[in-house]
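Peer 1: The structure is given below, and queries will be raised subsequently.
The values are calculated or read from the model by the stated rules, or taken from the named source; none is laboratory data. Given the structure is predicted, the values throughout are model-derived calculations rather than measurements. Backbone-built Cβ (ideal geometry, glycine too); neighbour counts: all protein chains shown. We work out accessible area using only protein heavy atoms, side chains counted, and drop any ligands, DNA or RNA first. Shrake-Rupley method; radii C 1.70, N 1.55, O 1.52, S 1.80 Å.
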Amino acid sequence: MHQPALELIIAALEKIRESSDHAPRASKSALAQLQSAPVLAPLPEAPASPCRRRLQQREKAAMLAAVQERVRACTKCAHLVCSRTQTVFGVGNPDAEVMFIGEAPGLDEDKQGEPFVGRAGQLLTRIIKAMNFAREDVYTANILKCRPDMPSGSSGNRAPTATEMQTCRPYLVEQIEIIQPKVLVALGAVAVEGLLGMRAAMRELRGRWHDYNHVPLMITYHPAYLLRNQAPSEKRKVWEDMLQVLERLERPITERQRNYFL
Ligand code: SF4
């Protein structure tokens, strides 16, 4: 902040007066000289720190909006640009502690422009609520921002290809870097492949902590898997993974929560 020298000196003299028995004195000519002294130059900007700075929520929201605009106009996958209704960027708290990552938008997501709004998404919402979060507290996104195209006349959804994921992944990387979540949750094997570039059976991957650019990553089943396999034992597996997430976030866990699906 710019501040005339006289104001600085007077402030210093007032401090001395408060803490000393002897009132400080200054001659008229000394004060006149100070009054004409040049304004202090501002301190030079500190060089950008190589360390990761915690961003404020408003900064994060603005940065995400800028990435979203680029995604909206993205034409890197020409075949998906032709088939998509719209891009599906991601929704939730820009300052979320936990970020859920799926593979790609399906039919419902493509129509509504939001990830996880179909049946699997509704189940994910129930899981998130069971964790004592609201959907708005967390952030949900996919590896792919456009719905993988389907042959004309066929219904359903298809998994994204490795090339499609590689092309789109930089947007997700930006989202993660901006949101700076404490924990990432990868939902299903395709999300794992998109994030970590590795393929393995989900029974080997899930329930263990992995590392994604120094962010702890929990792998669990995609909610669509739970819709196909309704056995309580499978629900319990997902729930145990979520309990690990809650523990990592140091969130309180009730006895009732611990016993879900037992
Ligand atoms: S999938 Fe991603 S990279 Fe491909 S067109 Fe859509 S937004 Fe662009």
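Peer 1: Please sort 219-231, 155-167 by packing, taking for each peptide the average over its residues of neighbouring beta carbons within 10 angstrom, highest first.
Peer 2: Ranked by mean Cβ neighbours within 10 Å, highest first: 219-231, 155-167.
Peer 1: Something else now. How many Å³ per residue does the convex hull of the Cα positions in region 86-204 occupy?
Peer 2: About 114 Å³ per residue, rounded to a whole number.
Peer 1: Suppose each label sits 7 Å from its Cα in the direction of the beta carbon; what would the residue 196-residue 228 distance come out to in nanometres?
Peer 2: 2.0 nm
Peer 1: Ok, one more. Accessible area of region 161-201 with a 1.4 Å probe: how many percent of it is carbon plus sulfur? Intermediate values should be presented prior to the final figure.
Peer 2: Numbers: 790 of 1490 Å².
Using a 1.4 Å probe with all protein chains present, region 161-201 comes out at 53 percent carbon and sulfur.
Peer 1: Write down the radius of gyration of region 153-216 and its Dmax, each obtained from C-alpha positions, in Å.
Peer 2: 13.2, 44
Peer 1: I've got another one for you. From the protein chains alone at 1.4 Å, what is the descending order of accessible area for 110, 149, largest first? Please report the intermediate quantities before stating the final value.
Peer 2: Working: 110 10, 149 45 Å².
The ranking, largest first, comes out as 149, 110.
Peer 1: Moving to a separate point now. Using a 10 Å cut-off on Cβ atoms, rank the peptides 178-190, 240-252, 203-215 from the highest mean neighbour count down. Can you show the working numbers first?
Peer 2: On the way: 178-190: 22.0, 240-252: 15.2, 203-215: 13.0.
Taking the mean over residues of other Cβ atoms within 10 Å, the ranking is 178-190, 240-252, 203-215.
Peer 1: In the structure shown, do any of 129/182; 145/235; 111/237; 111/235 have a Cα-Cα gap over 25 Å, and if so which? Spell out each step's value before the answer.
Peer 2: Values: 129/182 18 Å; 145/235 28 Å; 111/237 31 Å; 111/235 28 Å.
Exceeds cut-off: 145/235; 111/237; 111/235.
Peer 1: Within region 157-181, list the residues whose amide N lies under 17 Å from a label point set 7 Å along Cα→Cβ of residue 53.
Peer 2: Residues passing the 17 Å test: 177-180.
Peer 1: Between residue 249 and residue 91, what is the FRET efficiency for a Förster distance of 22 Å, r being their Cβ-Cβ separation, to the nearest 0.05? Please report the intermediate quantities before stating the final value.
Peer 2: On the way: r = 20 Å, r/R0 = 0.91.
Efficiency at R0 = 22 Å is approximately 0.65.
Peer 1: How do 119, 70 rank by accessible surface area computed with a 1.4 Å probe, from largest to smallest? Can you show the working numbers first?
Peer 2: Values: 119 160, 70 115 Å².
Ranked from most to least accessible, the order is 119, 70.
Peer 1: Under a plain spin-label model, where a point goes 7 Å from the Cα along Cα-to-Cβ, how far apart in nm are residue 61 and residue 236?
Peer 2: Computed distance between label sites residue 61 and residue 236 equals 4.3 nm.
Peer 1: To continue, here is another question. What FRET efficiency, computed as 1/(1 + (r/R0)^6) with R0 = 30 Å and r the Cβ-Cβ distance, is obtained for residue 149 and residue 126, rounded to the nearest 0.05? Please report the intermediate quantities before stating the final value.
Peer 2: Numbers: r = 30 Å, r/R0 = 1.00.
So the FRET efficiency works out to roughly 0.50.
Peer 1: Next up: In terms of modelled amide H atoms, which long-range or inter-chain residues lie less than 5 Å from the amide H of residue 91?
Peer 2: Result for residue 91 returns 140.
Peer 1: If I stretch the segment between residue 208 and residue 69 completely, what's the gain in nm (0.36 nm per residue apart, minus their alpha carbon distance), one decimal? Walk me through the numbers on the way to the answer.
Peer 2: Working: separation 139, 0.36 × 139 = 50.04 nm, distance 3.50 nm.
46.5 nm is the gain from fully extending residue 208 to residue 69.
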